[in-house]
Structures are given as C-alpha cells and as structure tokens.
Amino acid sequence: MQTSKLHLPPLPYAKDALEPLIGAETLEYHYEGHHRGYLVKLEQAIKGTPHAGQALEEIISTSEGSIFNNAAQVWNHTFYWRCMRPGGGGMPPRELCTALETAFGSFDGFRRRFLAVALAGFGSGYVWLQRGRDGQLVLRFAANAETPLREGIAPLLTADLWEHAYYLDYRNEREEYVEAFLDHLVNWEFVHENWRRDMADMPPTQPGEELTGV
Ligand code: FE
C-alpha cells in the first residue's frame, strides 16, 4: 500500500507576527481553515487513484479538476506564506533589484505594475512574479488555483488575492492589502533565493540569441 507524502508545513512565523497588516484571525482561518482544508480534501480525493503516494508537484502537473485545484492550493499557500515576513517590504537585494529594473523600468515601475495586475485580476486568484518564456521577469494574474508550476516554471513571488486573504483586515479594499503586502510584508530574501535558483536552472543563452522584452 502506498503512503501519502503530503503534509502541511508549519507557518514560518507566529499567527500574530504580521499584525497589524495581516491579523492573527486572518492567519488562523487562512492557514488552519483554508490551507489545511485543501490538504484534507486532496487526501480524500486521491484515495484509490494513481495520484495516491505521488509528491505534491507530481499531482499538480498530472491532474485536472478538483484534485488539481486542491493540490495547487496546498502548494500555492505554502509558497505564499514564505513570500512574507514580519518587518518585510522595502527594497530587494541589489542584484534582484537590477533584474526588476531591467524588466519594469524601475523598482517603482515594478511596484505599480504589481498593483495594476493585482487590481485588474477579476475574482479569486494570485498575482505571480515569474520568468517569462524569453527569460524576462513578468507579472501575471492567474485565476483560482492556477500556478506557474503547471507550466514547469518556478515562481519567484506571489500574493494571494482570494478575499479570504484580506477581507477581515481590509474588507473589499484589495488595493490597500496589496500595498501593505508590497511595502511591509514581502520577504525579499526568499524572492532573491528563488531568483538565483531560477537563473542557475536557465539554459545558457546561445550566441546570437537575444532576449527581448514582452
Ligand atoms: Fe488563500
């Protein structure tokens, strides 16, 4: 009999550690209710299927429908928690900042684009910072549980835009939540680690091959 390797990683900080930007009540419901709930539903759904015993990433890349949705939500939330830290925000490490300036004109251009993409996204989903097909950094909104992992792309940063992420603290003001996320919560060291790993995995540019912007 196969045993499931799935588990719920602990939150990387206490539930009140992001106060007052994200309240302890939000993290209690978001982590214990929503995140754990996706894992419980996933474990139920894969029983007796070929997905039982698979690693989470493998389930995400080979499933559809509710199995995909719950698997991706387990992964997305674990990633989202790590994208924040108490006392976060501010400026990224120099090397990453330069990459953001190249892609978005300036760090402020990145910040404005992140807000614009997050606010233009209709309904529930996430804003993702990731590598585009040409290697440039891009920002995109993806609805519901959709994740860059499905395309084999390791994301660098995300903000959960489901209302359960911000409604208790900001009601319907998604903009205020995203501003607080960018200015005071982003764990830039984590994003930097992801970016360095992503660069190391990139195939070397062939002579004569120019990377162009989107
Ligand atoms: Fe969420």
field: Residue, surrounded by the fewest Cβ atoms within 10 Å (Cβ to Cβ), within region 84-116, restricted to residues that are outside the structural domain of Leu157 (by TED's automatic domain parsing) and in contact with a strand residue (DSSP E or B) (Cβ under 6 Å, 6 or more places away or on another chain)
entry: Gly89
task: Collect the residues in region 34-53 that are over 18 Å from the mean Cα position of the chain (by Cα), open to solvent by 40 Å² or more (accessible area, probe 1.4 Å) and not polar (S, T, N, Q), keeping them in residue-number order.
output: Val40, Lys41, Glu43, Lys47, Gly48, Pro50
query: Considering only region 116-137, how many residues are in contact (Cβ under 8 Å) with a residue 60 or more places away in the chain and more than 22 Å from His77 (Cβ to Cβ)?
result: 4
- prompt: What pairs can you find where one residue is in region 73-102 and within 16 Å of the ligand (Cβ to nearest atom), the other is assigned to a loop (DSSP other than H, G, I, E, B), and their Cβ atoms are less than 6 Å apart, with a gap of 6+ or different chains?
  reply: Gln73/Ala145; Asn76/Thr147; Thr78/Pro9; Trp81/Leu11; Trp81/Pro12; Arg82/Pro12; Cys83/Asn187; Met84/Asn187
field: Residue list for region 24-45, filter: away from the ligand (no atom under 12 Å from the Cβ) and either closer than 21 Å to Ile59 by Cβ or touching a Leu at 6+ places or on another chain (Cβ under 6 Å) (or both)
entry: Glu25, Leu39, Val40, Lys41, Leu42, Glu43, Gln44, Ala45
- prompt: Within region 117-127, can one find any residue that is out of contact with any Lys or Arg (no Cβ under 9 Å at 6 or more places or on another chain) and open to solvent by 60 Å² or more (accessible area, probe 1.4 Å)?
  reply: yes
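The values are calculated or read from the model by the stated rules, or taken from the named source; none is laboratory data. From a predicted model like this one, the values you see are computed outputs, not experimental measurements. Note: ideal-geometry Cβ built from the backbone for every residue, glycine included; neighbour counts use all protein chains shown. Ligands, DNA and RNA are stripped out before the accessible areas are found, and what is left, the full protein with its side chains, is counted by its heavy atoms. Shrake-Rupley method; radii C 1.70, N 1.55, O 1.52, S 1.80 Å.
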